[in-house]
Amino acid sequence: DGQAELVIGVPGEIWGLNPDTGKLAWYASTTLTGNICPSPIFQKETVFMFGGYRSYGSLAIRAGGRGDVTDSHVTWISRTSSYVATPLLHDDRLYWVDDRGQAHCMDAQTGEDIYRERLPDLQGGGRPVYASPVIADGNLYVVSRRSGTYILPAQPEFRVVAQNQLDDDSDFNGTPAIGNGQIFLRSNQAVYCLSAK
């Protein structure tokens, strides 16, 4: 209805707040418990929420309303989720790589999985990906913790275009930043700026 809202996910609920007063305008119950790491994602009037531990999943909800809007505003619910990374919305599809190294593509309109594929050549075991994907020139850039940056096409078919590694054996946990033809990567020991010569 043209009103500004501040939307956040908390264990078991999503809240729509008035950003001027901080007062709760609406809420919806969810099965996302524990902690909620991914940020909400917006497309027009729809909010996508991912996360939760141990009970996890994802959902789409129409923003706005008053009071409990669980039954009237939730448009889909899925068991597919991201625990740490915030998915990226592009061309009505949500993309991310979860902390187990599985690359996901989901239909944002229905919540249906388009693909789920493991990234190849992940090193070091444990939780191989914490960073959120970013997009540039039609490609997704996903930074793994110990196996470099994976470049995937922002398309509904899984394919690895490239895997680039720096000579740095510390962990890369941060989401990259892109601007002015440069990409900035942060490891546990340094910040790197890469660009075409």
Residue pairs meeting the criteria (Cβ under 8 Å; at least 6 apart or on separate chains; first on the phi > 0 side of the Ramachandran plot, in region 182-197; second open to solvent by less than 80 Å² (accessible area, probe 1.4 Å) and part of a loop (DSSP other than H, G, I, E, B)): none
Test result for Tyr115, in contact (Cβ under 8 Å) with a residue 40 or more places away in the chain and either outside any strand (DSSP E or B) or open to solvent by 40 Å² or more (accessible area, probe 1.4 Å) (or both): no
Options Trp26, Trp96, Trp15: the member that is assigned to a strand (DSSP E or B), under 30 Å from Leu122 (Cβ atoms) and of a type in the set (Phe, Trp, Tyr): Trp96
Count, please, the residues in region 148-173 that happen to be touching a Phe, Trp or Tyr at 6+ places or on another chain (Cβ under 9 Å), at negative phi and not aliphatic (A, V, I, L, M). 11
Scanning for something surrounded by fewer than 16 Cβ atoms within 10 Å (Cβ to Cβ), of a type in the set (Ser, Thr, Tyr), over 21 Å from Ile36 (Cβ atoms) and at pLDDT 95 or above, does region 89-110 turn up at least one residue? yes
Number of positions in region 47-73 that are open to solvent by less than 40 Å² (accessible area, probe 1.4 Å), farther than 11 Å from Met106 by Cβ and in a strand (DSSP E or B): 7
Within region 168-181, the count of residues that are in contact with a strand residue (DSSP E or B) (Cβ under 6 Å, 6 or more places away or on another chain) and either part of a strand (DSSP E or B) or touching a residue at least 40 places away in the same chain (Cβ under 8 Å) (or both) comes to 5
Need the failing condition index for Val7 against (1) outside any strand (DSSP E or B); (2) within 18 Å of Leu89 (Cβ to Cβ), just the number. (1)
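The values are calculated or read from the model by the stated rules, or taken from the named source; none is laboratory data. These numbers were taken from a predicted model, which means no experiment stands behind them. Note: ideal-geometry Cβ built from the backbone for every residue, glycine included; neighbour counts use all protein chains shown. Side chains are part of the model used for accessible areas, which takes the heavy atoms of the whole protein and leaves out ligands, DNA and RNA. Shrake-Rupley method; radii C 1.70, N 1.55, O 1.52, S 1.80 Å.
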